[in-house]
Amino acid sequence: MCWKWKHLARCTSQTNSEVDACEVPFLLLRLCSQSSTLWHLSCHWGRCVGDCGSGGIRSRAVWCTHVEGWTTYHANCDQKDKPESQRRCFKICDWHLELFEWEVSAWDRCGLISFAGGEVGAGACVTAQHGLQRRSVHCLQKLNRTIVANEICEYFTPQPPAEQACLVPCPRDCVVSEFSGWSECGTGCGKSLQHRTRVVIAPPLYGGAPCPNLTESRACSTPACPLGEEEHTYSLRVGPWGECQLPHPKDIDLVGRTMLDLGSDSGEPSTSGLQGYKPHHRPRQVDIGYQTRQVRCVRSDGKNTALSLCLQDPVPLTFKSCVIAKDCEMSEWSPWSACSRTCGWGDLAPGFRSRHRGVRSVAVGAGKQCLELEEREACSAGGKELLFAWRTSEWKACQVSLLLDQQDPRHHKHVGLCGGGIQTREVYCIQITTELGMHRLKEATRPVNGKLCPGPAPPASQLCNLPCPSECVVSAWSGWGPCLHENCQDYHRGRGFRMRQRQVIVDPVGTLADCPHLIESIPCEDPVCYEWIVSEGVCVADHGKCGPGNRILKAVCKNKKGEEVPHHLCSELPYPEVVACEIPCAMDCVISEWSAWSPCSHSCSSKNAEGSQSRSRSILALPAEGGKACPPDRALQEHRACNDHPCVHFFWETSPWSSCSEDVLVTALNATINWSREATCGVGIQTRKVFCMKSSSGQVTPKRCPESIRPETVRPCLLLCKKNCVVTPFSEWTRCPTACQPGNATAVKQSRYRIIVQDAANGGQTCPDTLYEERECEDTPICPVYRWKTHRWSHCVLVPHAVRQSVLGHSEACGHGLQSRAVTCLSEHNDSATVGDCVQWAGAMPSLVQECLVPCKDDCTFTPWSKFTACSFDCESTRSRRRSLTGRSRKRDKCQNTEVYPLVETELCPCEVFTSQPHGNWSDCIIGGGTSEPQFGTQSHRDAKECGKGVRLRAIACYDKTGRLVEPFRCSSSGYIEESCTVPCPFDCKLSDWSSWSPCSSSCGPGVKVRYKWLKEKPYNGGRPCPKLDLKNQVYEAVPCYSECNQYSWVVEPWSPCKIKSEQNSLHCGEGIQTRKVRCVKTKDHGGETVPNALCNQAEIPDVMQKCSLYCPSECVVSDWGQWSKCPQVGSLACVSVSILMRRSSLTAMTYSSCTLCSVSAGWGGCQLDANATCGHGERRRLLSCRRSDGATVSMQHCQRFRLEKPVQTSSQCVVGCTVDCQLSAWSAWSQCSHTCGTGQMVRGRSVVLQAEGEGRPCPEQLTQHRSCPVKPCYSWLLGPWSPCRVQGGQCGDGLQVRNLTCVVHDASVSATSKPVENALCGELPLKESVLQLPCSLPCPGDCHLTEWSEWSSCELTCINGRSFETMGHQSRSRAFIIRSSENQERCPGQAMETRPCSGGKCYDYLWKTSLWRDNVRTVWCQRSDGINVTGGCAVRTKPAEVRYCSPACTKPFSYCTQRGVCGCERGYTEIMRSNGFLDYCMKVPGLEDKKADVKTIAGKNKPVNSKMHDIFKGWSIQPFNPDGKLKMWVYGVSAGGFLIIGDVCPPPKQPPPWAGVVDLAWQS
């Protein structure tokens, strides 16, 4: 098996966006022993289909075919080589036209470019320099100005060019086409002309030559007609209407006669007079006059002839009534108003000033209409340039609830929230004014519209941390100290105190409560400040080695802190220098030293319990006979009272500190430092009350508490600076409407606002309550109310009788005329007003003149039409109206013809049936109405619901029964089709609540305790992800814990006396056994409550029995081992290892051992937050444990006893990152529709207020939403095509072109179909005279006239070497004049040309073309690069020659000028050349009479040589001609009558024969 790619064809995609594998399509062949299959794919991708936007899909067909051409199953082709059949694309919809646009930058500076080899004729045009300039072209999304793919904009409009040539252009002459063919001549006799025309292709530019004549005429070669037998046709020429004129005064009486109005049934006399003829008429009264025209009969040769030859029925009118034209009269301009913007707050719109003028009288007839009544022009604020910048207020207090709202919008407002939160601030835009010329910036803090500030706005929210409150944590109480003087400087007083202390472990944060008291005291007697610390020396017998003696005491003076002080401080305290002792002799009883005093049984003494402690000693050896006896058993123990102070203690209690306030003395000091008196900061004082408290009964006299530790009642403090509230000035009032408002309109309000920049604090001035103000606009102009009042129409005014009777058949005073009426202006109170007031406020003026008809005696007259009959509710019903004949018309037969004169009109009734059709695409899924206005500050995007059920909308177009577009509310109240939709809500990972803490993992020392959560619901739809879970889908949290070691301890009683085993032992010495009692008690209360022995560590239970021995007489006796000495401190190490330990006996025996105690820290625990915090600042801790040298963990008291230092800190600050969802602003209100009618788009947007943090939900990509507007009908006037030129009543002459004006409805789309509707829906009619009628002329026979306009020429750019330096091209059209008669040629109009700019043009080249030479003459013409032959365009200086001349001239006999431009000889003669190459003379060739001779000359008489002969020689390897066309010198003529054939190439002889000449050779086969 092998695969082979086989290239089949090449095709090119139609759009740039689809250039892909289709450029080189290929088929994949699989070669098999029996069959071959291949993938086949279509050349082009299909259209992008699917939803609008980036979710479209483009497809193409892919099929599997056999090599023989038939299609087979896909499975027969290798699937891994199957070409791609689908790809994603951006689906472009029509409504995208409003969202995207081309953005082009300004053209770069024109850069000169050079062309290889230079330019042809560059020296002739010194002003043209070739260059190239470029610009960037991008397709942009309008809303956020981001660049998108160019193919989106290319869908609607072609991409603008990105580069163009630039130069100072050379002049270009007018370019015209070739002449058309000659027109045909007439078949008859007589003089006639024929003509031909040409059109303008390119206009003259940059001073080029003007266009030549576009018409040529010539006389036809028709025979002259015999005298009197000329054949002519006759045409009625209608001349133009003359100027409207008033009749002569003598004709007024004739016109003003009373006549019977045949158009009415009343028979009321009416005067067909002209009001305007009265000598005293009101101003601007309409004057009705008349106008006439000439009618002539014209012969086909252009000569006028008798009118009778052209008369027809009916005879064309030569007179008609008209209105005397009067121009509009206006008052003078008022002075310019003041500039509307004295300072530019809040808006970039420039100021303006205006002036007005009024209308004194309106235009009448064809008079000039009134011009603009108001003029505006921009004005500046005067030397100031406006700049804008962003400003912010201070951050507001940190709010944890804003962060919790993201996780649970329905959470209850907890009290005491702390930890991570969000704080907000106001962001606003201000204006900075630059005073031009002074380079100074003046900043004003009043807010303006944020759209004016450049760049992105600063963030309005940020993460923050609200410290969590923590209570004060203190240590346990220390033991009671000795009785000490309160003041050792004055220690003669007999009063003292014993005290105990505790320390602050954790300082309080954020709470009003301070730490509890840290020192308690108890009054005591006989206090001391200093005391002797006595150590006993060795006992020395007075005589010999035993017996009574003395022990020398060594004393050291120490203070109450245990520090050694000079001895004189203890001099008043006597101490014995020696103490009596006794060393047992060999036969005496030996007793041990006293043990240490046991711990006191009670911490204090009460009525029921007193503290006591004891010590004991034991018998080491019994006496022998004659020795000193042992003391009794009771003398072996001693007891004494301890902690005999009552169970009450005293302590100082304080009230909370007062707030920091000013002090008179401190304030004066501050004043000396700062004389500005502006700052309110400084040093103040705080005070509090101090009470002496008794633990059992409350407050007591202060004497009961030590004065030396009395807390302070006053302390200095830093006075917090007063912060006054700072607000911006009010913004400018929103603008009131400058246009007047109707009197019944609701009051228009204007508003302004201000922003709090800094809140008040520390007693500063508070913020104002009013931040927003609203008021009604003052001096809002109320539109005045004026109305037009129309008066009765005058009688119908006809042409004066004197004019009428001059025309045959028009003596009767009837026919068409004009009638006028007065129109006045009235105010709201029906008072007379000026015409200008009504022109401005009452709309269009009613017509002053209308056509009328005075029926002739033979005309049919009718009553006015009745009203239409009522319609039923059936849409198929009709309605009708009627009229009837009046007067004599009832009896005339022609008036009874109802087909010509209908008396009833019927039409269909209006039908109120409407149908709707969907229009455009579905909108995005809209949650809620989406009409909320943008708000200030931070707002969670959850506040405005972002997901769940919503609606999507699709606009409808509403049509009536006839298919005309109507208002959408007729089909639907909203104008939309609504459809339910759902935006999936993101669901976060949901975990259970924390479980309870597990027990501490260690029963002694540090351990960990654990709690956990388990997974309840997985995240989906982009919700917050879960933390890392274990295999059980659980997440754990572990914190360090500490279990106190030896909560229960063993307590032992003294050993019993040693009991000798053998009772037969008379000496009572030797080995024995002694016992003691052991019990388990609570550690915190030695000697206290006894608990079951099972609660104590059984592995450490003390022995209850041990061996003992009593020394026998004469044996050495040593005491029991004493206490271990203290391990010495070594540096500051946490772990101390001491290698030497001493203990003494009475015989100074010593032994050595070692001790090891370590203080070890555990690892850090997790970051712990307060119970009311979810993130933010927390604390992590680690615990210390005390370990023995064997690795066992023991109570921390052992390490504390040996003062082992802690190695490192046991707590540190930490941060738990906050998870923050992206926060968006509320949706803005929907924008206005992009079009007032037809199809349009509405858009709304939102912005990012706070970016996502941590694992929060990211910001969505969609920050804008679009929906189509309801399709409203567009009404517009539609002008019909111009009719052919029509001459009223004649065949030629002056006439009119007319066109219809129709009100139509459409939807403004490109493919919209228009339907006619009532004219009232389109508003005011355009001026009929200029829009609907156009004067024209039909040429009469023999007239000279202009042709119709030619078609617009193709769009041509001005280019250099194929590159355009213009973005717009030019195209032209022209009219040529046609001459029908040579007699009228002087009266011909000039030719006409029009030029207009155009886009999408091409570059054309103009080149000279030539024909072959014929008799030294050839045709030369100019041709455009598209193949059109033209006149003009080609450079005259490069035009090839049309006639060829020899230089010097051929004057020798029998010579003539050849096609090569050199002189040659006629047939039968050969050229004899001079050494300079010119002809010397022509020599006759002998023997030419023989017709069969093979030698021929190149020329016969009067017959030029064949032009191809030169080409024949050119193909030889031997070239007889030089490049200048002259024969080379090695070509010779040899014989007089023979012929010469060149066979070999031979060098020319050095000296040619004298008779040899240069001959022209022709090869004959």
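The values are calculated or read from the model by the stated rules, or taken from the named source; none is laboratory data. Small disclaimer: the values here were computed from a predicted structure and weren't measured. All Cβ positions, even for glycine, are placed from backbone atoms using ideal geometry, and neighbour counts span all protein chains on display. Protein only, heavy atoms only, side chains kept; ligands, DNA and RNA dropped before computing areas. Shrake-Rupley method; radii C 1.70, N 1.55, O 1.52, S 1.80 Å.
Taking the conditions (1) of a type in the set (Gly, Ala, Ser); (2) closer than 23 Å to Ser1185 by Cβ; (3) at pLDDT 75 or above in turn, Ala1134 satisfies each one other than (3). Any residue at all in the stretch 1376-1396 that is β-branched (Val, Ile, Thr) and touching a helix residue (DSSP H, G or I) at 6+ places or on another chain (Cβ under 7 Å)? Checked against the condition, which is being β-branched (Val, Ile, Thr) and touching a helix residue (DSSP H, G or I) at 6+ places or on another chain (Cβ under 7 Å), the stretch 1376-1396 yields at least one hit. Within the bounds of the stretch 550-569, is there any residue that is in a loop (DSSP other than H, G, I, E, B), out of contact with any Leu (no Cβ under 6 Å at 6 or more places or on another chain), charged (D, E, K, R) and touching a residue at least 12 places away in the same chain (Cβ under 8 Å)? No, every residue in the stretch 550-569 fails to be in a loop (DSSP other than H, G, I, E, B), out of contact with any Leu (no Cβ under 6 Å at 6 or more places or on another chain), charged (D, E, K, R) and touching a residue at least 12 places away in the same chain (Cβ under 8 Å).
In the stretch 319-330, how many are open to solvent by 30 Å² or more (accessible area, probe 1.4 Å) and touching a Lys or Arg at 6+ places or on another chain (Cβ under 8 Å)? Within the stretch 319-330, residues that are open to solvent by 30 Å² or more (accessible area, probe 1.4 Å) and touching a Lys or Arg at 6+ places or on another chain (Cβ under 8 Å) number 4.
Of everything in the stretch 1030-1059 that's touching a Leu at 6+ places or on another chain (Cβ under 7 Å) and open to solvent by less than 50 Å² (accessible area, probe 1.4 Å), which residue is farthest from Thr1193 (Cα to Cα)? Checking each candidate, the answer is Cys1058. Over 19 Å from Trp395 (Cα atoms), of a type in the set (Asp, Glu) and touching a Ser or Thr at 6+ places or on another chain (Cβ under 8 Å), is that true of Glu732? So Glu732 does not fit the description; no. Among the residues of the stretch 876-906, those identified as within 60 Å of the chain's Cα centre (by Cα) and open to solvent by 70 Å² or more (accessible area, probe 1.4 Å) are Glu876, Thr878.
For the stretch 187-204, the candidate set comprises residues that are in contact with an Asp or Glu (Cβ under 9 Å, 6 or more places away or on another chain) and surrounded by fewer than 16 Cβ atoms within 10 Å (Cβ to Cβ); within that set, the residue that is modelled with the lowest pLDDT is Gly188.
Is it true that some residue in the stretch 955-967 is at positive phi, assigned to a strand (DSSP E or B), touching a residue at least 12 places away in the same chain (Cβ under 8 Å) and surrounded by 14 or more Cβ atoms within 10 Å (Cβ to Cβ)? Show your work before the answer.
The first filter runs over the stretch 955-967 and keeps only residues at positive phi, leaving 963.
From what's left, assigned to a strand (DSSP E or B): none.
No: zero hits.
Selection of the stretch 299-341 for residues being of a type in the set (Lys, Arg), more than 53 Å from the chain's Cα centre (by Cα) and farther than 17 Å from Gly365 by Cα yields Arg299, Lys303. Number of residues in the stretch 895-915 that are modelled with pLDDT under 85 and farther than 30 Å from Cys971 by Cα equals 0.
Please find, among Glu773, Glu778, the residue that is over 30 Å from Gly815 (Cα atoms), among the acidic types (Asp, Glu) and assigned to a loop (DSSP other than H, G, I, E, B). After applying the criteria, what remains is Glu778. From the list Glu163, Glu178, Glu184, the one residue that fits, being within 50 Å of the chain's Cα centre (by Cα) and either open to solvent by less than 60 Å² (accessible area, probe 1.4 Å) or at pLDDT 80 or above (or both), is Glu163.
Only a single criterion out of (1) closer than 30 Å to Cys1116 by Cβ; (2) surrounded by 14 or more Cβ atoms within 10 Å (Cβ to Cβ) is not satisfied by Trp652, namely (1). Screening the stretch 408-506 for strands (runs of 3 or more DSSP E) wholly inside it with 2 or more residues that are of a type in the set (Ser, Thr, Tyr) and modelled with pLDDT of 80 or more returns no ranges.
Listed by first and then second residue, the pairs linking a residue in the stretch 688-700 that is closer than 16 Å to Thr654 by Cβ to a residue that is part of a loop (DSSP other than H, G, I, E, B) and of a type in the set (D, E, K, R), with Cβ atoms under 9 Å apart and 6 or more places separating them unless they lie on different chains, are Arg688/Glu712; Val690/Arg710; Val690/Glu712; Cys692/Arg710. Modelled with pLDDT of 85 or more and not hydrophobic (A, V, I, L, M, F, W, C) - does that describe any residue in the stretch 925-939? There is no residue in the stretch 925-939 that is modelled with pLDDT of 85 or more and not hydrophobic (A, V, I, L, M, F, W, C). Filtering the stretch 1342-1370 to residues that are within 41 Å of the chain's Cα centre (by Cα) and under 27 Å from Thr197 (Cβ atoms) leaves Cys1355, Glu1356, Leu1357, Thr1358, Gly1369, His1370. Can you name every residue in the stretch 1448-1480 that is under 16 Å from Asn1416 (Cβ atoms) and assigned to a loop (DSSP other than H, G, I, E, B)? Within the stretch 1448-1480, Pro1448, Ala1449, Cys1450, Thr1458, Gln1459, Arg1460, Gly1461, Val1462, Glu1466 qualify. Of all residues in the stretch 1359-1414, those being at pLDDT below 85, part of a strand (DSSP E or B) and open to solvent by 70 Å² or more (accessible area, probe 1.4 Å) number 2. The numbered conditions (1) open to solvent by less than 60 Å² (accessible area, probe 1.4 Å); (2) at pLDDT 85 or above; (3) not basic (Lys, Arg) are all true for Ala397 except (1).
Sort through Cys139, Cys93 and tell me the only one that's modelled with pLDDT of 85 or more and over 30 Å from Trp1352 (Cβ atoms).
Cys139
Here Gln819 clears all of (1) under 20 Å from Leu798 (Cβ atoms); (2) at pLDDT below 90 except the condition numbered (2).
Condition check: over 30 Å from Gln194 (Cα atoms), in contact with a strand residue (DSSP E or B) (Cβ under 6 Å, 6 or more places away or on another chain), open to solvent by 70 Å² or more (accessible area, probe 1.4 Å) and modelled with pLDDT under 80. Does Pro279 satisfy that? Walk me through it before giving the result.
Working: over 30 Å from Gln194 (Cα atoms): yes; in contact with a strand residue (DSSP E or B) (Cβ under 6 Å, 6 or more places away or on another chain): no; open to solvent by 70 Å² or more (accessible area, probe 1.4 Å): yes; modelled with pLDDT under 80: yes.
No, not satisfied.
Scanning the stretch 805-830 for residues that are open to solvent by less than 60 Å² (accessible area, probe 1.4 Å), on the phi < 0 side of the Ramachandran plot and in contact with a Leu (Cβ under 7 Å, 6 or more places away or on another chain) yields Ala813, Gly817, Ser820, Arg821, Val823. If you check Gly684, Gly743 for being more than 30 Å from Gln501 (Cβ to Cβ) and modelled with pLDDT of 85 or more, only one passes: Gly684.
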